[in-house]
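Beneath this line is the structure, given in C-alpha cells, with notes to follow.
None of the figures in this text is laboratory data; all of them are computed from the coordinates on show. Nothing here was measured: the structure is a model prediction, and the numbers come from that model. FYI the Cβ positions are ideal-geometry reconstructions off the backbone, even for glycines, and counts take in every protein chain you see.
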C-alpha cells in the first residue's frame with residue numbers, strides 16, 4: 001500500500017492552506033464505480049489578522065469533467081477562530097465515480113473587526129495509486 005500523500009499548498013489573505021489526499025481503498029468499491037478519497041486540511045493564520053471561519057464552498061470535478069458544488073457552514077461541524085499563528089486541522093472525504101478528480105474552493109472568514117473575506121484553497125487532486133489498478 002502506498003503511504004505517499006501529495007501535498008497541495010495555497011496562501012491567501014494571510015492564511016496558509018495545506019491539503020493532503022489519500023485513496024481509501026478499504027471503503028471504496030471500484031467494481032461499482034465508487035472511489036472514496038480522504039483529504040486532510042491544515043489552515044494556519046500566518047498574517048496576524050484574527051478571524052473566524054464561517055462557511056465553506058467546494059467545487060468537485062471528476063474525470064468526466066462534471067463539476068458539483070458543496071456549500072455549508074464551517075468545516076466538519078466547527079467554525080474555528082484563528083488568532084495569530086494558530087492552526088486548525090481536519091479530515092474529510094470525497095466520493096467520486098471515477099479513478100481521478102480534483103477539488104478546490106474557499107472559506108468565508110469574519111475578521112475580529114467585523115469584515116468578511118475569502119481565503120482560497122489550492123486545487124488538489126485525487127488519483128487511485130498505480131498499485132491498485134489492474135493492468136491486463
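Residues in the range 61-100 that are touching a residue at least 24 places away in the same chain (Cβ under 8 Å) and assigned to a loop (DSSP other than H, G, I, E, B): 63, 64, 79, 80, 83, 84, 85, 86, 97, 98, 99.
Filtering the range 12-26 to residues that are touching a residue at least 12 places away in the same chain (Cβ under 8 Å) and in a helix (DSSP H, G or I) leaves only 25.
Condition check for residue 36 on (1) outside any strand (DSSP E or B); (2) in contact with a helix residue (DSSP H, G or I) (Cβ under 7 Å, 6 or more places away or on another chain): one failure, at (1). For the range 42-57, check the following and say yes or no: at least one residue is exposed (fewer than 12 other Cβ atoms within 10 Å of the Cβ), outside any loop (DSSP other than H, G, I, E, B) and more than 14 Å from the chain's Cα centre (by Cα). No, the conditions are met nowhere in the range 42-57. Go through the range 101-116 residue by residue and tally those that are more than 30 Å from residue 30 (Cα to Cα) and touching a residue at least 60 places away in the same chain (Cβ under 8 Å). Residues flagged as more than 30 Å from residue 30 (Cα to Cα) and touching a residue at least 60 places away in the same chain (Cβ under 8 Å) within the range 101-116 amount to 5.
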